[in-house]
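The values are calculated or read from the model by the stated rules, or taken from the named source; none is laboratory data. Because the structure is predicted, anything quoted here is derived from the model rather than measured. Cβ placement follows ideal geometry from the backbone for every residue including glycine, while neighbour counts extend to all protein chains displayed. Only protein heavy atoms, including side chains, enter the accessible area calculation; ligands, DNA and RNA are left aside. Shrake-Rupley method; radii C 1.70, N 1.55, O 1.52, S 1.80 Å.
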Amino acid sequence: MMTRYSRAFLLMPLLSRILPVCLLLGGAPLVMAQDARWSDPSTWPDNKVPAAGDKVVIASDKDVILDVSPPALSGLTINGKLSFSDNTDLELTTEWIMVFGELEIGTEASPHTSKATITLTDNIKDEQLMGMGDRGIMLSGGTLNLHGNRSNTWTKLARTAEAGSTSIDVLNADQWQAGDEIVLASTDYDPRQAERRTITAISGNTITLDAPLAYMHFGKIPFEVDERGEVGLLTRNIKIQSSEDSLESYFGGHIMAMVTSKMYVEGVELNRMGQHMELARYPIHWHLVGDAGEGQYVRNTAIHDTYNRCVTVHGTNNLQVENNVTYNIVGHCFFMEDG
């Protein structure tokens, strides 16, 4: 919400200026700009709410609140600001998002609590946007603020889970919920013994699974060496994903920040992201940003079922990559390049 103060002094006799100045200084109410809501026709230049297939532009002087789930778009350019309302679950489907201004779903001080899903489609093939490709959230001097409400992203087994078990005991199931998806890391030499399950019930730190485990997962501390298997949470209330056609093409979505851009990503789920065998098209990617400076980060985030790495930090320094869970990926997961 923007507040504008207007003090216009025209060339007029002195006495005619006194009254408006006195009213202002005496506490007359100041005019405050109204929230511009996506669903309000007056938000848009032609007084029409965007329709299916539109390429939408948010002007540099607009702060728009997404308060509805719009029909699928052919593209979205944010010169001003787009923020998601936290009053309801929302979905935004589009071919791409170009951010010169700011895209915000929650803040570090006030994480988003409803469900927010951005789905990147590829109905229009081979688009090229400012050298950043297609099917992405692409930042050119813009800011990405994504803050979900999950901070307990992984824990360890409290005891060994035997093959055939339908429940596990963990050290800390705080914030986890029935319906969440988890992954048990392999405690064998075979990494393919990692297993994905859905939580059907939780009682304290005991988790009931939707299907029996196929493998044993070790949960002991022998000879003072902690070898308890990790259990990661894959579900987040903010999800960025490509549409399901990427399961066949391996051409998923990507997030890319160019020089002077800023990314603050926390408590987010990235699914079906990265573009297989495409250079510089990764699930989340700082590209030659230089000194990140103001504490940029990706943390407490789940990155799974990707087609080209997980996090790439290219020519960028002084940012934080911490406490993330990754699973079922192609290539290096954390890729540090020239920095």
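Across the range 262-304, the qualifying residues are those that are surrounded by 22 or more Cβ atoms within 10 Å (Cβ to Cβ) and among the charged types (D, E, K, R), and the one among them that is farthest from GLY252 (Cα to Cα) is GLU266. In summary, PHE100 fulfils each of the numbered conditions (1) in contact with a Phe, Trp or Tyr (Cβ under 9 Å, 6 or more places away or on another chain); (2) open to solvent by 20 Å² or more (accessible area, probe 1.4 Å); (3) closer than 22 Å to ALA257 by Cα with the single exception of condition (1). Residue pairs whose Cβ atoms lie under 8 Å apart, separated by 6 or more positions or on different chains, with the first residue in the range 183-200 and among the β-branched types (Val, Ile, Thr) and open to solvent by 70 Å² or more (accessible area, probe 1.4 Å) and the second at pLDDT 95 or above and outside any strand (DSSP E or B), are THR200/ALA178; THR200/ASP210. For PHE223, the conditions (1) without any contact (Cβ under 8 Å) to a residue 12 or more places away in the chain; (2) surrounded by 15 or more Cβ atoms within 10 Å (Cβ to Cβ) all hold with the exception of (2).
Considering the range 151-173, the residues that are within 16 Å of GLU230 (Cβ to Cβ) and not in a strand (DSSP E or B) include one that is most open to solvent (accessible area, probe 1.4 Å), namely ARG159.
On the basis of being touching a residue at least 12 places away in the same chain (Cβ under 8 Å), under 16 Å from THR326 (Cα atoms) and in a loop (DSSP other than H, G, I, E, B), does TYR282 make the cut? When the stated conditions are applied, TYR282 passes them. Only residues that are open to solvent by 20 Å² or more (accessible area, probe 1.4 Å) and either within 19 Å of TRP286 (Cβ to Cβ) or at pLDDT 95 or above (or both) were counted across the range 127-148, and they come to 8.
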